[in-house]
Amino acid sequence: MADSKLQIALYWGAACGGCDVAVLDTDEFILEVAKVADIRFWPIAVDGKYRDVEAMAPLELDVAFFNGAVRNSENEHIAKLLRAKSKTLVAFGSCAHLGGIPGLANQTTKEEIFDRAYLHNPSIDRNGDTVPLTVVGINSEELRIPEFYRRVYRLQDVVEVDYFLPGCPPAPDQVRTVIGAIAQGKLPARGSVVGASERTLCDDCTRKKKEKKVREFHRPWEILQDPELCLLEQGIVCAGSATRSGCGVRCPNSGMPCRGCYGPAPNVVDQGAKLLSAVSSIVDSRDPEEIERILSAIPDLVGYAYRFGLPASLMKRSVHP
Ligand code: SF4
Ligand code: SF4
Ligand code: SF4
């Protein structure tokens with residue numbers, strides 16, 4: 001490379017695009033980035049091709065930011081390619097860090113997903129009679145498409161990851177801080193979660209905490225909230241005690257419960273198990289039937305407990321015969 005600018009790449013795997021928008025949300029800071037870095041590959045914003053990355057020398061890139069989970073063989077191929085070409089690989093956002101929202105698909109099977117999308121899709125008039133094949137012959141040519149995997153993986157399940165930047169998406173302030181730290185060579189030890197805190201969200205939440213005793217759980221819109229009291233104490237399931245702080249307590253400060261997108265709090269092995277343990281411990285009853293009734297008001301226990309991290313959990317996926 002003729003100049004000394006940082007050489008960076010950004011890529012999306014199984015993603016919604018929100019993480020790329022989070023980078024753009026850094027506003028004019030992106031122009032500061034352009035002063036110190038060449039963006040060599042960014043499919044959502046720059047017309048780079050895979051062959052451009054393939055042609056790079058090993059470790060030619062200084063940093064690659066990978067957002068999105070690994071859902072198919074194309075995601076895995078680009079993850080391995082960027083790993084080979086980059087000195088530093090950052091898992092950017094909840095999907096790359098923990099499997100994210102796409103990881104909730106690990107509750108079902110590839111066959112059920114294909115059946116719902118292509119064979120018996122209630123939202124379209126005429127369903128097809130076949131599902132995508134990885135190889136199709138057309139006019140004596142072979143058309144190949146990526147293989148849809150049986151489950152969703154985190155980035156670290158397929159390649160070694162140097163840093164994890166949590167959040168769905170990461171807060172723009174954190175993106176600025178981390179890119180700034182990279183530009184100045186001030187990143188912490190490899191393997192660290194960056195742009196976040198070593199505390200739990202509850203530690204930083206200013207809502208009042210009293211004795212937690214709950215006889216009824218509610219969805220946020222079902223009750224008139226006390227704006228100063230802990231949401232969990234009001235029967236609204238909030239993942240703050242199981243979740244790493246660093247987002248600025250965005251959701252509870254806006255009257256919404258934390259859903260856990262910053263991932264497990266430090267020293268928490270399984271974020272969902274920790275949340276379920278916190279929820280169970282505040283149920284104010286010793287009668288099994290009543291406990292069942294109280295807990296049944298939580299409509300989607302897996303969705304609450306593992307909203308952003310089922311592939312990162314001890315279970316990783318539901319077991320199907
Ligand atoms: S972490 Fe959130 S914002 Fe980023 S790609 Fe995944 S779902 Fe979208
Ligand atoms: S459970 Fe939620 S609302 Fe309650 S203190 Fe923790 S973060 Fe705040
Ligand atoms: S409060 Fe929870 S869900 Fe909301 S942004 Fe912060 S970590 Fe994510």
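The values are calculated or read from the model by the stated rules, or taken from the named source; none is laboratory data. All of these numbers come straight from a predicted model, not from anything done at the bench. Note that we place each Cβ from the backbone using ideal geometry, even for glycine, and neighbour counts take in every protein chain shown. Note: areas computed on protein heavy atoms with side chains; ligands, DNA, RNA excluded. Shrake-Rupley method; radii C 1.70, N 1.55, O 1.52, S 1.80 Å.
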Given (1) at pLDDT below 95; (2) open to solvent by less than 30 Å² (accessible area, probe 1.4 Å); (3) under 17 Å from the mean Cα position of the chain (by Cα), number of the condition residue 181 does not satisfy: (3)
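Residue check: is residue 211 of a type in the set (D, E, K, R), farther than 24 Å from residue 21 by Cβ and either at pLDDT below 95 or within 12 Å of ligand 3 (Cβ to nearest atom) (or both)? I'd like the intermediate steps shown before the answer.
On the way: of a type in the set (D, E, K, R): yes; farther than 24 Å from residue 21 by Cβ: yes; either at pLDDT below 95 or within 12 Å of ligand 3 (Cβ to nearest atom) (or both): yes.
Here the answer is yes, as residue 211 does meet what is asked.
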Output for the range 139-176, where each listed residue is within 16 Å of ligand 3 (Cβ to nearest atom) and either touching a His at 6+ places or on another chain (Cβ under 8 Å) or in a helix (DSSP H, G or I) (or both): 164, 165, 166, 172, 173, 174, 175
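Given the structure, is residue 302 away from ligand 1 (no atom under 16 Å from the Cβ) and farther than 20 Å from residue 218 by Cα?
Working: away from ligand 1 (no atom under 16 Å from the Cβ): yes; farther than 20 Å from residue 218 by Cα: no.
Here the answer is no, as residue 302 does not meet what is asked.
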Condition check for residue 260: in contact with a helix residue (DSSP H, G or I) (Cβ under 7 Å, 6 or more places away or on another chain) and modelled with pLDDT under 95: no
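Could you tell me how many of the residues in the range 236-248 are near ligand 3 (Cβ under 8 Å from one of its atoms) and in contact with a Gly (Cβ under 8 Å, 6 or more places away or on another chain)?
Keep residues of the range 236-248 that are near ligand 3 (Cβ under 8 Å from one of its atoms), which gives 239-240, 243-248.
Among the residues that remain, those that are also in contact with a Gly (Cβ under 8 Å, 6 or more places away or on another chain) are: 239, 243-244, 246-247.
Within the range 236-248, residues that are near ligand 3 (Cβ under 8 Å from one of its atoms) and in contact with a Gly (Cβ under 8 Å, 6 or more places away or on another chain) number 5.
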Candidate set: the range 189-242, residues that are touching a Ser or Thr at 6+ places or on another chain (Cβ under 7 Å) and outside any loop (DSSP other than H, G, I, E, B); chosen: the one surrounded by the fewest Cβ atoms within 10 Å (Cβ to Cβ): 203
Yes/no for residue 275 being in contact with a helix residue (DSSP H, G or I) (Cβ under 6 Å, 6 or more places away or on another chain) and under 30 Å from residue 192 (Cα atoms): yes
Residue that is farthest from residue 314 (Cα to Cα) [pool: residues in the range 94-148 that are hydroxyl-bearing (Ser, Thr, Tyr) and open to solvent by less than 90 Å² (accessible area, probe 1.4 Å)]: 130
Candidate set from the range 149-173 (those that are among the basic types (Lys, Arg) and away from ligand 1 (no atom under 12 Å from the Cβ)); member that is surrounded by the most Cβ atoms within 10 Å (Cβ to Cβ): 151
Helices (runs of 4 or more DSSP H) wholly inside the range 1-64 containing at least 2 residues that are within 25 Å of residue 99 (Cα to Cα): 18-24, 50-54
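Go over the candidates 132, 122 one by one and state the one that is touching a strand residue (DSSP E or B) at 6+ places or on another chain (Cβ under 8 Å), part of a loop (DSSP other than H, G, I, E, B) and more than 30 Å from residue 29 (Cα to Cα).
Values: 122 fails: touching a strand residue (DSSP E or B) at 6+ places or on another chain (Cβ under 8 Å).
Selected residue: 132, the only one of 132, 122 that is touching a strand residue (DSSP E or B) at 6+ places or on another chain (Cβ under 8 Å), part of a loop (DSSP other than H, G, I, E, B) and more than 30 Å from residue 29 (Cα to Cα).
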Index of the failed condition, residue 70 passing every other in (1) at pLDDT 95 or above; (2) assigned to a helix (DSSP H, G or I): (2)
Residue 90 modelled with pLDDT of 95 or more, β-branched (Val, Ile, Thr), out of contact with any Asp or Glu (no Cβ under 6 Å at 6 or more places or on another chain) and not in a helix (DSSP H, G or I): yes
